1. Amide H to amide H, which residues 5 or more places from Asp67 or on other chains are under 5 Å from it, using H placed in the peptide plane?
2. Report the net charge of residues surrounding Lys31, where surrounding means a beta-carbon distance below 12 angstrom and charges are Lys +1, Arg +1, Asp -1, Glu -1.
3. Working out 0.36 nm times the residue gap between Ile83 and Cys37, then minus their Cα-Cα distance, what length gain in nm do you get to one decimal?
Amino acid sequence: MLPTIRVGARLLVEEVSPDAIHAGDIIIYQKIWKIGCVPIFPKRAVTHRVIGIEGPKQERIFLTKGDNQFYIDADRIAQSDVIGRVVLKESRFAALFYVRLANAVIAMRRSAKEMPSFVRAPLKPLVCSFFFILKAVTRIIPR
């Protein structure tokens, strides 16, 4: 996915329904590497941009392409192989701090039910404002 996403970059990925994925979105999916019909590696995560969608809503097939490739991927990606959509990527200037903070906030939201109310109440405005800022930052990602 160079130049958009460099190798080893940290990504924030959200699980979404297949209906929420559109052409231009960057997705992560599972792929089994094969030579002919013989699998040579277990499932690996691949990050590519969706350039087309085929099939009905129940059985969507995604056509993908890496940003640095001249051709469309030969593999058609079934919706069951999709792990999620890239929401935020680390760049040289937007430090890893934001990705780690987003992961911490998401983990905090998941465990909020276990927190006592006197701890949860002051954190709610902070979490809401953080997600508002995160939504604004994600608009920067090129589609």
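The numbers here are math on the coordinates, done by the rules we state, and not lab data. What you see is a predicted model; the values in this text were computed from it and never measured. Because the Cβ atoms are built from the backbone with ideal geometry, glycine has one as well, and the counts that use them run over all protein chains shown.
1. Those lying under 5 Å, H to H, from Asp67 are Arg49.
2. Details: positive: Lys34, Lys43, Arg44, Arg76; negative: Asp73, Asp75, Asp81.
Counting the neighbours of Lys31, the net charge comes to +1.
3. On the way: separation 46, 0.36 × 46 = 16.56 nm, distance 2.33 nm.
Going from the current span to full extension adds 14.2 nm.
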